1. Are there any pairs with C-beta distances below 7 angstrom linking a residue in region 66-80 that is free of Cβ contacts under 8 Å to residues at least 12 places away in the same chain to a residue that is of a type in the set (A, V, I, L, M, F, W, C), with the two at least 6 apart or on different chains, and if so which?
2. Among Ala86, Ala52, Ala100, Ala135, which is the only one that is surrounded by 15 or more Cβ atoms within 10 Å (Cβ to Cβ), within 24 Å of the chain's Cα centre (by Cα) and of a type in the set (Gly, Ala, Ser)?
3. Against the condition over 25 Å from Val144 (Cβ atoms), assigned by TED's automatic domain parsing to the domain that holds Ser140 and touching a Lys or Arg at 6+ places or on another chain (Cβ under 9 Å), how does Asp194 come out, does it pass?
4. Looking at Asn45, Asn64 in this structure, which one is in a helix (DSSP H, G or I), in the same structural domain as Pro17 (by TED's automatic domain parsing), out of contact with any Pro (no Cβ under 8 Å at 6 or more places or on another chain) and farther than 15 Å from Pro17 by Cα?
5. Filter region 212-233 for residues that are assigned to a loop (DSSP other than H, G, I, E, B) and over 17 Å from Asn191 (Cα atoms) and give the result.
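The values are calculated or read from the model by the stated rules, or taken from the named source; none is laboratory data. Being a predicted model, the structure only gives us computed values, none of them experimental. Every residue, glycine as well, gets a Cβ built from its backbone with ideal geometry; the counts of neighbours run over all protein chains shown.
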Amino acid sequence: MNNETLSIKEWAEEDRPREKMLLKGLPSLSDAELIAILIGSGNKNETAVQLAQRILLSVNNNLNALGKRSVKELISGFKGIGEAKAITICAALELGRRRAKTEPEVRDIIRSSRDGYQLFYSLLCDLPHEELWVALLNRSGKVVEKTRISQGGISETTADLRIILKAAVTNLASGIILCHNHPSGALQPSNLDDALTRRLASSAKLLDIRLLDHLIITDSGYYSYADEGRIEE
């Protein structure tokens, strides 16, 4: 038997559009397979992929031409395409058009401790309590994510290394900048700050991730472990 006589559920897992996407990534899917994911099911005589292939064939496999088809045209032209499926196809193609017109996101680039300070200052400068944040960087020094790790009292906050490292791994970060504020105004790090810096640098190194800096921010300025030569390589 071949795929033409089998329902999608009976196909080999690596050939099913959704499973194929998870296994091999979106680029591995054909246009028909992507449309099949949108419509979810076919009709009595066709699988979702076969129906999608027929839809594409009607516009000579031109997605731009398909994007000009109305909801009514899709419903009347193809058995198995109802209002909900037609709307889904039209909405997806409209999103594609809008994405093409959207400028790529400009990410902050961290080249120095001053850049890191400016990244976090507005978040931490006026807080009456301590907060611990991380910026996660790619190999080009661009910030892919910044997130608050914990919130504490007037004099200290807690840090769970597992949360920090999980965030770094999830975002495929190659570098971490740690940052917290001192509401007291004291710029010098505490013994707890020193211990956290050492532990995070050591733990991150095991995952091939670098702790690039640990910044302490106050109203009057900042302290950088990297500038002071206190980040272990």
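1. What qualifies is Ile75/Ile81; Ile75/Ala86.
2. Ala135
3. Criteria met by Asp194.
4. Asn64 is the lone residue from the list that is in a helix (DSSP H, G or I), in the same structural domain as Pro17 (by TED's automatic domain parsing), out of contact with any Pro (no Cβ under 8 Å at 6 or more places or on another chain) and farther than 15 Å from Pro17 by Cα.
5. Across region 212-233, the qualifying residues are Asp219, Ser220, Asp227, Glu233.
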